Amino acid sequence: MNKFDLSYPLKSTYFCFFILLILALFLWFIGLGNLPLRDWDEGYYGTVAKDMFKTENWLYLTYYGQPFLLKPPLIIWLINLSYQLGGISEFTTRFPCALLTAFGVPLLYLVGKNIFSQQLPAILSSLVYLTLLPVIRHGRLGMIDGIINTFLIFSILCLVKSRKHPRWAIGYGIGLGLIALSKGTLVIALGAIIGVYILLDKPANYLKNPALWLGICLGFMPVFIWYCIQINHYGDIFIQVHFLQQNFDRLATAVEGNSGSFWYYGLELIKYSFPWLLFLPGSLILAWRQKQQSWAKLVLTGFCLFLAIITLMGTKLPWYIMPIYPFLALGIGAYLSQFWQEHKSSPSGLIFGFFLASIASLFGAIYLLIEGKEISLIITGFIVFFTFLLSWQKIRKSFPDFVIILIIGLYMSLGIFMTSQSWIWELNEAFPVKPVATLIKQHTPANTIIYTSFAYSRPSLDFYSDRQVLAQDQSALEKLALSSSYLLLDQNSLKNLPLSNAKILGKAEGFILVSTSENH
């Protein structure tokens, strides 16, 4: 027997679970604290958690003393707990999110074990999920969306296990409650999707199970209590901000200018789920052909319904698509398993796709080399090239072991990429915050509001400076220049403002910090 035969039964479910967990933890933790926090989520959650850390007020979230009404508290509680254990840093801000997201990999394997008739598609599904760039990257950040996936996978796992072991249904409601305590009304969409799956897959077996309803009560009880406390404390303003502005408004309008075309999320799939995207058409066709089976109902319901929901939403953000990836991974895992076992001829589209991917990755690696980019990016580029090239050669000959080459190559390249200075590429969209934050901390008193000419306020700058830095337009800055204020200005604003009596306190990254106080 081929020693690399993935269809060979492995020692135990526990063995597979812990191997997958170790593989995931390595990818999610390597280089986790090597870059500054990103705007927006990381800066917001880190700053609110710092407020909680300093005030020890776990019940009412604040942002520099002002009510923070945008999100439920679970992620803030987790980050604050991480601060309590390891101090305040980039690593501890991201640690709880990375840890929980990594657990989604072995949990998805357990889901597969319960919906497939064989072990192989369960293993392949979890390995596909393990090597999806958006899942790793967003899961490593201090933001909600990675942990939402894990709670979703946990809910599905408890649901499918309850068919043989009814008490597991308690975990279904607890998982949904954790989603609600993390991202509020998103639980309505995800709960509805799983509800449709229940209706399609022997609903009486689930709905007549008292453990299901007990779990829902237990899971949503903390959510209900927390929301009652907040509404009682803040009144109508909490309902307006938390429910309407941050949740329901996003369904119909593009909140904060985050709009996109009807094809926005289709393009996101194309850009960031490659090369697994090449197997998506075949996996959906296979699911449709086997639509009477439980796994196919889950994949088709989850993938299609969630894609439809987010496509119709007015607000478009890249991480909104995250809950689709567990369903995508399960579908592709089933397709790869069939490909492995039946030794069919490779589809011409798959052969051509990997050929083009090989050419494109070669040019990309050469470009990185010529441009003198950091060595980790160059190595990543060439590993991707050889992975696609070797996979193409195997696929062209219809050798199923291309799956092993593809998974190992993607895992290696993603691991090296996460050690680079580029895995949070959004940091290049604006000035580096740390030098500017150091300038502010050195020259301004604590609990001071700084006003800046930059185009928008940056939560990451607030986090590092321990001050709130608010963006202001030209007319507002002109008024502030005549009062006692601290201003963070670019060179052009410095020239155009009436600052005859102002004192320059320092410069960093093209910004000048000035004081307009009479007592400099």
Provide a single number: the residues in region 393-416 that are crowded, with 17+ Cβ neighbours inside 10 Å and in a loop (DSSP other than H, G, I, E, B).
-> 1
State whether the residues of region 164-176 include one that is assigned to a loop (DSSP other than H, G, I, E, B), touching a residue at least 12 places away in the same chain (Cβ under 8 Å) and buried (at least 19 other Cβ atoms within 10 Å of the Cβ).
-> no
Picking from L141, L124, the residue that is open to solvent by less than 10 Å² (accessible area, probe 1.4 Å), closer than 30 Å to P275 by Cα, at pLDDT 95 or above and touching an Asp or Glu at 6+ places or on another chain (Cβ under 7 Å) would be L141
By residue number, the members of region 85-95 that are surrounded by fewer than 22 Cβ atoms within 10 Å (Cβ to Cβ) and touching a helix residue (DSSP H, G or I) at 6+ places or on another chain (Cβ under 7 Å) are G86, I88
Look at region 417-433 and say how many of its residues are open to solvent by 50 Å² or more (accessible area, probe 1.4 Å) and either aliphatic (A, V, I, L, M) or touching a helix residue (DSSP H, G or I) at 6+ places or on another chain (Cβ under 6 Å) (or both).
-> 1
The number of residues in region 61-83 that are open to solvent by 40 Å² or more (accessible area, probe 1.4 Å), touching a helix residue (DSSP H, G or I) at 6+ places or on another chain (Cβ under 6 Å) and under 17 Å from I231 (Cβ atoms) is 1
Unique match (being surrounded by 13 or more Cβ atoms within 10 Å (Cβ to Cβ) and more than 30 Å from N34 (Cα to Cα)) among Y486, Y464, Y451 | Y486
Any residue in region 269-287 that is among the basic types (K, R), touching a helix residue (DSSP H, G or I) at 6+ places or on another chain (Cβ under 6 Å) and surrounded by fewer than 23 Cβ atoms within 10 Å (Cβ to Cβ)?
-> no
Selected residue (criterion: modelled with the lowest pLDDT) from residues of region 472-483 that are open to solvent by less than 50 Å² (accessible area, probe 1.4 Å) and under 16 Å from I512 (Cβ atoms) | A481
Select from region 208-240 the residues that are surrounded by 12 or more Cβ atoms within 10 Å (Cβ to Cβ), more than 17 Å from A180 (Cα to Cα) and among the small types (G, A, S) and list them in ascending order.
-> A211
Do you know which residues across region 304-315 are open to solvent by 10 Å² or more (accessible area, probe 1.4 Å) and in contact with a helix residue (DSSP H, G or I) (Cβ under 7 Å, 6 or more places away or on another chain)?
-> L305, L307, I309, T311, M313, G314
Scope region 353-363; condition in contact with a helix residue (DSSP H, G or I) (Cβ under 7 Å, 6 or more places away or on another chain) and either open to solvent by 30 Å² or more (accessible area, probe 1.4 Å) or β-branched (V, I, T) (or both); matching residues = F355, L362
Going through region 408-466 in order, the residues found to be over 30 Å from W276 (Cβ atoms), of a type in the set (G, A, S) and in contact (Cβ under 8 Å) with a residue 24 or more places away in the chain are A430, A437, S453, S460, S465
Do any helices (runs of 4 or more DSSP H) lying entirely in region 428-520 carry at least 1 residues that are under 19 Å from E90 (Cα atoms) and basic (K, R), and which ones are they?
-> 433-443
Yes/no for L108 being open to solvent by less than 10 Å² (accessible area, probe 1.4 Å) and in a helix (DSSP H, G or I) = yes
Regarding I88, is this residue part of a loop (DSSP other than H, G, I, E, B), within 14 Å of G142 (Cβ to Cβ) and not polar (S, T, N, Q)?
-> yes
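Each row is one residue, and each column tells you yes or no for (1) open to solvent by less than 30 Å² (accessible area, probe 1.4 Å); (2) charged (D, E, K, R); (3) part of a helix (DSSP H, G or I); (4) farther than 21 Å from S422 by Cα.
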site: P323; (1), (2), (3), (4): yes, no, yes, yes
site: A334; (1), (2), (3), (4): yes, no, yes, yes
site: W340; (1), (2), (3), (4): yes, no, yes, yes
site: S346; (1), (2), (3), (4): yes, no, no, yes
site: I351; (1), (2), (3), (4): no, no, yes, yes
site: L368; (1), (2), (3), (4): no, no, yes, no
site: K373; (1), (2), (3), (4): no, yes, no, no
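The values are calculated or read from the model by the stated rules, or taken from the named source; none is laboratory data. If you're wondering where the values come from, they're calculated on a predicted model, not measured in any experiment. Here Cβ is always computed from backbone atoms with ideal geometry, including for glycine, and neighbour counts include all displayed protein chains. Accessible surface is based on the protein model in full, side chains and every heavy atom, while ligands, DNA and RNA are left aside. Shrake-Rupley method; radii C 1.70, N 1.55, O 1.52, S 1.80 Å.
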